[in-house]
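Encoded as structure tokens, the structure appears first; notes follow it.
The values are calculated or read from the model by the stated rules, or taken from the named source; none is laboratory data. As the structure is a computational prediction, the values presented were derived from the model and not from experiment. Quick reminder, even Gly has a Cβ in these numbers, built from the backbone with ideal geometry, and neighbours come from all protein chains shown. Only protein heavy atoms, including side chains, enter the accessible area calculation; ligands, DNA and RNA are left aside. Shrake-Rupley method; radii C 1.70, N 1.55, O 1.52, S 1.80 Å.
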Amino acid sequence: MKKVAAFFHNKEVLNRILFTLAIFFVFRIGSAIVVPGVTPDESFFADTTNAFSLLNMMGGGALQNFSLFALGVSPYITSSIIIQLLSMDVLPALTQMTKEGESGRKRLNVVTRILSVVLAAVQAYGIIVALSNSGEGISLDDDTAWGYTKVIIFLVAGSMMLNWLGDQITDKGIGNGISMLIFAGIISSLPSQITGAFESFLGDSIASGTPDLILQGSVQIALYLLAFLAIIVFVTFIERSVRKLPVSHSNTSASNELASQQSSFLPIKVNASSVMPVIFASSIMVAPSIIISLFNTAETTPHWMEIVMDVFNYQAMTPLTDSFSFPFGPIIYAILIILFSYFYAQLQINPERIAENFQTSGTYITGIKPGVETEHYISKTLSRMTFMGSMALCFIALLPVILSMSGAVDASLSLGGTGLIIVVGVALEVSNQIAGILAGHGYAESEL
């Protein structure tokens, strides 16, 4: 309660929160404006196991409405992944930009934006072709080349506007702008998901009036809500878990050395990459279906294309024969989460740079020699922490999927794990940022 009260006493925090809410309002308005010349069929997205269900969820139903923001921030995320990978000693020009400080970062950001425009155009065309060929997703008033071009322009412009709105949140609001927009999209879809759960578990039971069925449905919905709560608690626990490495300072006098050691430590989070691995992996899982759609102009999808789309559908089993299926999608999704966890953790915590900074400042990890040994020790600890964090992310993301495959819950309810990881992770990041602002404000007041 004290923190909530502090929001209203701190003008900076209050202004940032109100600004972020205003951006959310614009986001929701744009998500409801249908692209001119397109008639969407919302029933196509009633099946949440199709290839575009995840993209639709992360956009808060914007794709389902085929609105101006139908692409969401997915092109920018994909572009960021590509640029970050190419910057790791693949393209010397991009690698050099990463070493040029703030100016290099700005130039790298421009390159990322340009690539995101290209990817947005490609993704827009792929989605239009895929949903048009399905015969159920959308129908175009003008199916000529110019008609396609107009729709693509609207979608690309909407995606770029979302990126700009995200930048405004980062600069003037609360949290990371791109993550906050995804957070807003998922939050807006959660009420309909919970309503769907009530209808699934209790709808027919109440209609039938059978006491036993009503009791059974009530127990099921109670367990469903408890599972949501358990996921939230578990994600919070993982996000808060930290390994503290004791740090000593060579310039500390003997009289206060013990106190310094007790208060100084290097924190390494179990999940140093937070929600980014899930967001990155989700974007990658959608990409193959969109790419295939670019080459599929027939009214019926060839069998091999269906197999590829099933392989990259993390919510479904891939049927290899009439009697045998294999969970390629969930396995690929888990592998991507693990890989991106290690990749992003290395970006967040650079053991080599930390070791150099320690050696320069006369700081060292207690019991570990400065220099190379410190680097190896931090790298080893980070790898262990990241492994546990990535396993936790995989478990949470795939548990609802596994339950739906087993028949324990309906497939339409299987998005809860991925969505809640993002929602809880972003909420904790925002909470930490607000706490930091309030702490800085309190320190400034004490100085005065």
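Determine ³J(HN,Hα), in whole Hz, for all residues of the range 331-343 in sequence, where each value follows from phi through the Karplus function 6.51 cos²θ - 1.76 cosθ + 1.60 and θ = phi - 60°; x replaces Gly and Pro.
5, 4, 4, 5, 4, 5, 4, 5, 4, 5, 5, 5, 4
What pairs in LYS99/LYS380; LYS11/LYS106; LYS106/LYS269; LYS244/LYS380 have C-alpha atoms more than 23 Å from each other? The partial results should precede the final answer.
Values: LYS99/LYS380 25 Å; LYS11/LYS106 30 Å; LYS106/LYS269 28 Å; LYS244/LYS380 14 Å.
From the list (LYS99/LYS380; LYS11/LYS106; LYS106/LYS269; LYS244/LYS380), the Cα-Cα distance tops 23 Å for LYS99/LYS380; LYS11/LYS106; LYS106/LYS269.
Quick check for me: using +1 on Lys/Arg Cβ and -1 on Asp/Glu Cβ, what's the dipole size of the range 70-137 about its Cα centre, in debye to the nearest 20? Before the final figure, lay out each step's value.
Numbers: 5 positive and 4 negative charges, 49 e Å.
My answer is approximately 240 debye.
Keeping all protein chains in position, work out how much accessible area ILE402 exposes to a 1.4 Å probe, and write it in Å² to the nearest 10.
Its accessible surface works out to 100 Å², give or take rounding.
Name the long-range amide H neighbours of VAL270: under 5 Å, sequence gap of 5 or more, or other chain; modelled H, no Pro or chain starts.
For VAL270, whose amide H was placed from the backbone, the distant partners under 5 Å are SER241, VAL242, ARG243.
Sort MET161, MET385 by accessible area with a 1.4 Å probe, largest first.
On the way: MET161 85, MET385 20 Å².
Sorted by accessible area, descending: MET161, MET385.
If each residue of separation counts as 0.36 nm, what is the full-extension length gain between LYS244 and ASP167 once their alpha-carbon separation is subtracted? Before the final figure, lay out the partial values.
Working: separation 77, 0.36 × 77 = 27.72 nm, distance 3.28 nm.
Working it through step by step, the gained length comes to 24.4 nm.
Tell me the label-point distance for the pair ASN432, LEU85, using the 7 Å Cα-to-Cβ offset, in nm and rounded to one decimal.
It is 2.6 nm.
Once amide H atoms are placed 1.01 Å from N in the peptide plane, what residues at a sequence separation of 5 or more from PHE326, or on another chain, have their amide H within under 5 Å of its amide H?
Amide H to amide H, under 5 Å and 5 or more residues apart or across chains, PHE326 pairs with THR318, LEU320.
Can you sort MET317, MET309 by 1.4 Å-probe accessible area, starting with the largest?
On the way: MET317 75, MET309 50 Å².
Putting MET317, MET309 in descending order of accessible area: MET317, MET309.
Would you mind checking which residues have amide H under 5 Å from VAL247's amide H? H placed 1.01 Å from N; only 5 or more apart, or other chain.
It is SER264, PHE265, LEU266, THR366, by chain and number.
Roughly how much of HIS303 is accessible, in Å² to the nearest 10, using a 1.4 Å probe?
Approximately 130 Å² of HIS303 is accessible to the 1.4 Å probe.
May I ask for the net charge around LYS172, where only other residues with Cβ less than 14 Å from the Cβ of LYS172 are counted and Lys, Arg are +1 while Asp, Glu are -1?
Working: positive: LYS11, ARG16; negative: GLU12, ASP167, ASP171.
Computed value for this residue: -1.
What accessible surface, in Å², does a 1.4 Å probe find on GLU429, ignoring ligands, DNA and RNA and rounding to the nearest 10?
Only protein atoms counted, so the area is about 70 Å².
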